[in-house]
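A short write-up of the structure that comes next.
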Amino acid sequence: MRQHLDANTAWLNQCRTIMYFGEEVSPRGQLTRELRTSTVHVDMIYPLVVCPARKLNYSFAAAEALWILDGDNRVETIAPYNPNIARFSDDGIIFNGAYGPRIQAQLDFVLARLWEDRDTRQAVLTIWQPCPLKSKDTPCTVAMTFSIRRDALHCAVFMRSSDVWLGLSYDIFNFSMLGAKIACELNAVLTMQPVRLGRLFLTAASSHL
């Protein structure tokens, strides 16, 4: 059985693996090392990367997670925590690829499936949109699925692209916080055994540095 690690160990392992085994590719002329179809396994109880060399912005991590859970997509509400992020907006007002509105629109569906059938395989939400228009902010995440097994809520995420240095540490935290929200919502109404946070399985078609 594959070991499930805290976010910090999983992130460091992924960085090392790409440096040793990644292949050089240059999408949009940017030289990267890439692993194809790689999965990171994380215990959602321990979702923070704490490697000093990474210098993670923890205020931004918390703000972005709340921003997503609130269903927000405005530049003005997240830019104070990370001014550089505004350059990815097409119009300076909203982010075209923001996860929050898309998650919020589908969250009731996910919860309903999990409430109706504890063993369901249909608790799925989609971030990607068919034939997206060209944008500075095309979502990296395609879809997420949620499942309850042995009273633990697990989250499986599929991403088309995962920048391990810049984005993965924040993605692990954000997806874990979404898992925590869903677990809390379920436990507020469940009359049977409560669910606990389980594992995050983050699969990227391109995991790169």
note = When the charge dipole of segment 1-96 is computed with +1 at the Cβ of Lys and Arg and -1 at the Cβ of Asp and Glu, the Cα pointing farthest to the positive end, of Thr32, Phe60, Pro83, is that of Thr32
query = So for segment 137-190, taking the charge dipole from beta-carbon charges (+1 Lys/Arg, -1 Asp/Glu), which of His154, Met144, Ser169 sits furthest toward the positive end?
reply = His154
inquiry  = Computing the accessible area with a 1.4 Å probe over protein heavy atoms, can you report the carbon and sulfur percentage for segment 14-168?
reply    = 55 percent
note = Per residue, accessible area of segment 120-196 with a 1.4 Å probe, heavy atoms of protein chains only, in Å², comes to 51 Å²
task = Run through every distinct alpha carbon pair of segment 20-75 and return the Kirkwood hydrodynamic radius in angstroms, one decimal place.
result = 14.8 Å
inquiry  = Pick from Thr138, Thr32, Thr191 the residue whose mean-square fluctuation is largest in a GNM of the chain, springs joining Cα atoms under 10 Å.
reply    = Thr191
inquiry  = Give me the 1.4 Å probe accessible area per residue for segment 44-96, excluding ligands and nucleic acids, in Å².
reply    = 58 Å²
Beta bridge orientation in the chain: antiparallel %, DSSP, nearest 5 = 70 percent
ask   = Plugging the Kirkwood radius over Cα pairs into Stokes-Einstein for the chain, at a temperature of 25 °C and a viscosity of 0.890 mPa s, what D comes out in µm²/s?
value = 138 µm²/s
task = Mind jotting down the distance between the C-alpha centroids of segment 1-45 and segment 139-209, whole Å?
result = 17 Å
message = Using Cα-Cα distances under 8 Å and only pairs 6 or more residues apart, what relative contact order does the chain have, in percent?
response = 27 percent
note = In the chain, whole DSSP H helices that both stretch 20 Å or further along their axis by alpha carbon positions and average at least -0.5 on the Kyte-Doolittle scale are 7-21, 99-116, 169-189
note = With Val25 itself left out, Lys, Arg at +1 and Asp, Glu at -1 over residues whose Cβ is under 15 Å from its Cβ give 0
message = For segment 105-209, give me the percentage of DSSP beta bridges that are antiparallel, rounded to the nearest 5 percent.
response = 55 percent
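The values are calculated or read from the model by the stated rules, or taken from the named source; none is laboratory data. For clarity, every value in this text was computed on a predicted model and none was experimentally measured. With ideal geometry, Cβ positions are generated from the backbone for all residues, glycine too; neighbour counts draw on all protein chains shown. Please note that ligands, DNA and RNA were not included when accessible areas were found on the heavy atoms of the full protein model with its side chains. Shrake-Rupley method; radii C 1.70, N 1.55, O 1.52, S 1.80 Å.
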